[in-house]
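Chemist: Before anything else, here's the structure in question.
The values are calculated or read from the model by the stated rules, or taken from the named source; none is laboratory data. Here the structure is a predicted model, which is why all the values come from computation and not from measurement. FYI the Cβ positions are ideal-geometry reconstructions off the backbone, even for glycines, and counts take in every protein chain you see. Note: areas computed on protein heavy atoms with side chains; ligands, DNA, RNA excluded. Shrake-Rupley method; radii C 1.70, N 1.55, O 1.52, S 1.80 Å.
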Amino acid sequence: MKILVFGKDGQLGKAFQEELDERTSALLAKPIIQYVGRPECDLANEEALNQLLNRLQPQLIINASAYTAVDRAETESDLAFAINSRAPEIMAQYAVDHDATFLHYSTDYVFDGEKYGFYLEGDLRNPLGVYGKSKADGEEAIARVFAGTRGNDQYAIFRTSWVYGDGGNFIRTILRLAKEREELKIINDQFGVPTSANWLAQVSLNLVLDEDARLRKFASGIYHAVSAGETTWHGLACLTAQAAIDAGVALKVTPDAIKPILTIEYPLPALRPMNSRMSTDKLYQAFAGRGDVSELQYLNQPWDKAVRSYVTNLAKDGLI
Ligand SMILES: NC(=O)c1ccc[n+]([C@@H]2O[C@H](COP(=O)([O-])OP(=O)(O)OC[C@H]3O[C@@H](n4cnc5c(N)ncnc54)[C@H](OP(=O)(O)O)[C@@H]3O)[C@@H](O)[C@H]2O)c1
């Protein structure tokens with residue numbers, strides 16, 4: 001089998017490299033895996049993307065790339081739509097034309113955050129900013145391309161939130177600021193779930209590959225994929241600081257010096273949803289049918305335990 005991963009230098013792309021390497025290292029019949037980043041293929045170049053797909057002929061395409069600069073997207077709309085909508089549409093078209101499987105990633109920012117409670121996969125999209133609009137457009141484009149196909153082609157769009165891994169993210173920013181400043185002010189009225197890139201890569205691979213890295217059948221569509229529980233950016237910042245202190249890192253800021261503020265006190269170019277909570281019941285049901293208890297336990301990993309372990313590992317590796 002041939003697997004093609006886009007976005008190799010991003011947080012999720014790096015997580016896929018780790019997880020796929022680990023999963024396939026002991027296999028006799030190893031899949032051929034190609035990892036592609038911006039230097040190999042600029043996704044804004046449609047011709048280059050089509051040529052790459054036709055040259056590599058993948059049976060599984062994993063699109064971990066995206067235009068993720070939420071605020072810059074407000075002034076770079078064309079580029080955001082090219083990467084987040086047109087490029088995945090081309091990948092989806094390739095998958096349909098070649099009976100391939102396509103995995104794509106989307107965001108809580110496709111919602112306006114007005115809902116009380118947890119968002120379901122079928123809830124109305126109503127993005128507040130250009131980034132969210134471009135990701136929502138990408139979701140719609142993929143579903144349109146796959147609509148009515150009857151071959152072996154299949155797709156999953158994993159909607160996730162507040163991702164952290166090997167790269168720049170909110171947790172790393174808090175750790176940097178906590179060494180420089182004695183007080184921080186962090187938003188406490190936006191609710192969501194921090195999600196580990198490695199967890200997301202593993203859960204995705206569990207859905208689509210069996211133990212021998214052969215493709216499984218699954219129901220095409222959108223799946224919400226986030227850790228269990230919920231918090232605010234302020235809650236995440238406090239836990240991050242506490243976990244670093246517990247791991248022996250000297251910070252200038254203590255959790256009680258991290259002050260909660262309202263979104264209106266910290267205006268940014270792009271509006272964010274106030275409620276980013278997404279139900280993962282659909283994904284849970286997809287795994288429940290297989291009867292693998294360890295997979296279900298892994299799916300229910302609490303966000304705070306995972307963040308603690310991430311921060312502890314950063315400390316161990318001398319990265320704080
Ligand atoms: N990060 C979050 O908090 C978050 C939240 C919800 C959903 N998501 C979704 O989760 C997925 C993974 O996010 P992530 O955090 O791993 O993102 P990331 O770290 O920003 O990585 C995105 C990757 O896409 C690549 N890319 C961007 N424009 C490109 C272009 N024109 N040509 C080729 N490659 C290009 C980037 O390349 P360079 O390295 O060269 O820039 C980068 O390696 C995305 O679909 C994102 O929308 C993320």
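Chemist: What is the gain in length, in nm to one decimal, between Q242 and R181 on full extension, counting 0.36 nm per residue of separation less the C-alpha to C-alpha distance?
Modeler: 20.4 nm
Chemist: What's the FRET efficiency of K252 with A69 using the Cβ-Cβ distance as r and R₀ = 22 Å, to the nearest 0.05?
Modeler: E between K252 and A69, to the nearest 0.05, is 0.20.
Chemist: Can you compute the equivalent ellipsoid semi-axes for region 96-255, i.e. the square root of 5 times each eigenvalue of the Cα gyration tensor, sorted largest first and rounded to whole Å?
Modeler: Calculated on Cα positions only, the semi-axes equal 35, 19, 12 Å.
Chemist: Within the chain, what whole-number % of the accessible surface is contributed by carbon and sulfur, with the 1.4 Å probe and all protein chains included in the calculation?
Modeler: Result for the chain: 49 percent of the exposed heavy-atom area is carbon or sulfur.
Chemist: Once the Cα atoms of the chain are picked out, what are the Rg and Dmax in Å?
Modeler: Cα radius of gyration and Dmax of the chain are 19.5, 60 Å respectively.
Chemist: Accessible area per residue, 1.4 Å probe, Å², for region 186-285: what's the number?
Modeler: With all protein chains present, region 186-285 gives 41 Å² per residue.
Chemist: Based only on the alpha carbon positions, what is the Kirkwood hydrodynamic radius of region 53-174, in angstrom?
Modeler: 15.3
Chemist: Relative contact order for region 49-154: what percent, with Cα pairs under 8 Å and sequence separation of 6 or more?
Modeler: Computed value for region 49-154: 37 percent relative contact order.
Chemist: Something else about it: Could I have the simple spin-label model distance between L124 and F191, label points 7 Å from Cα toward Cβ, reported in nm to one decimal?
Modeler: With each label point 7 Å from Cα toward Cβ, the separation is 2.0 nm.
Chemist: Any idea what angle helix 11-24 forms with the longest principal axis of the chain, computed on alpha-carbon atoms, 0 to 90 degrees, nearest 10?
Modeler: 60
Chemist: While we're here: Simple spin-label model, 7 Å along Cα-to-Cβ: V293 to S25 in nm?
Modeler: Going by the 7 Å Cα→Cβ label model, 2.8 nm.
Chemist: What shape does region 205-253 have by the C-alpha gyration tensor, where a ≥ b ≥ c are the square roots of the eigenvalues, rounded means a/c under 1.5, and otherwise prolate means a/b greater than b/c and oblate the rest?
Modeler: oblate
Chemist: Further question: Would you mind getting the accessible area per residue of region 43-182, heavy atoms of the protein chains only, 1.4 Å probe, in Å²?
Modeler: For region 43-182, the per-residue accessible area is 43 Å².
Chemist: Under the classification rounded if a/c is under 1.5, otherwise prolate if a/b is larger than b/c and oblate if not, where does region 22-114 fall, given a ≥ b ≥ c as square roots of the Cα gyration tensor eigenvalues?
Modeler: prolate
Chemist: Something else about it: To test your reading of the geometry: what angle, between 0 and 90 degrees and rounded to tens, separates the Cα axis of helix 46-56 from the longest principal axis of the chain?
Modeler: 60
Chemist: For D9 and L262 in one chain, what is 0.36 nm times their gap in residues minus the Cα-Cα distance, to one decimal in nm?
Modeler: 87.7 nm
Chemist: Given an 8 Å cut-off on Cα distances and at least 6 residues of separation, report the relative contact order of the chain as a percent.
Modeler: Value for the chain: 20 percent.
Chemist: Take the Cβ-Cβ distance between S279 and E40 as r, set R0 to 30 Å, and report the resulting FRET efficiency rounded to the nearest 0.05.
Modeler: My answer for the efficiency is 0.25.
Chemist: About its Cα centre, what dipole magnitude does the chain give when the only charges are +1 on Lys and Arg Cβ and -1 on Asp and Glu Cβ, stated in debye to the nearest 20?
Modeler: With only Lys, Arg, Asp and Glu charged at Cβ, the dipole is about 320 debye.
Chemist: Show which lysines lie in cross-link reach of K252 when reach means a straight Cα distance below 21 angstrom and same-chain residues fewer than eight apart are skipped.
Modeler: In chain and number order, the partners are K179, K185, K316.
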